[in-house]
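First the structure, in the form of structure tokens, and then the observations on it.
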Amino acid sequence: TGANPTSTVGTTVALPNCWLRLVRTGNLVSSALSPDGSTWTTLGTATVPIAANATIGFFSTSGSNTTVATDVWAPVLVVP
């Protein structure tokens, strides 16, 4: 609530095989990208006020108003 985090990162990966890792430590969220789940490239960090009982969700976009996006999210691991 009340947060407005934004980020633009010019990182290229070979889709559809990429991994995204988000790690939350208190109000600090860091992100990293990997082509194989082993070698990670840090994308950035942001300080975001997050409630202790926050929920998570996924979204995708095709980036076009006339094209529907289709994604497969697997595997998904959430560690409390």
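A short reminder: the numbers here are calculations on the coordinates, not readings from a lab. As the structure is a prediction and not an experimental result, all values here were calculated from the model. Virtual Cβ from ideal backbone geometry, glycine too; neighbours counted across all protein chains shown.
So the values come out like this:
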{"quantity": "Low-density loop cleavage sites - chymotrypsin sites (Phe, Trp or Tyr not before Pro) in the stretch 17-80, where at most 12 other Cβ are within 10 Å (DSSP)", "calculated": "F58, F59, W73"}
{"quantity": "Interchain or long-range residues, amide H under 5 Å from C18's placed H", "calculated": "none"}
{"quantity": "Extension gain (nm, one decimal) between T45 and L22, 0.36 nm per residue minus Cα-Cα", "calculated": "7.3 nm"}
{"quantity": "Derived scalar couplings ³J(HN,Hα) [the stretch 68-77; Karplus, 6.51 cos²θ - 1.76 cosθ + 1.60; whole Hz; x for Gly, Pro]", "calculated": "8, 8, 10, 10, 10, 10, 7, x, 10, 10"}
{"quantity": "Inter-probe distance in nm under a simple model that places probes 7 Å from Cα toward Cβ, at V29 and T66", "calculated": "3.3 nm"}
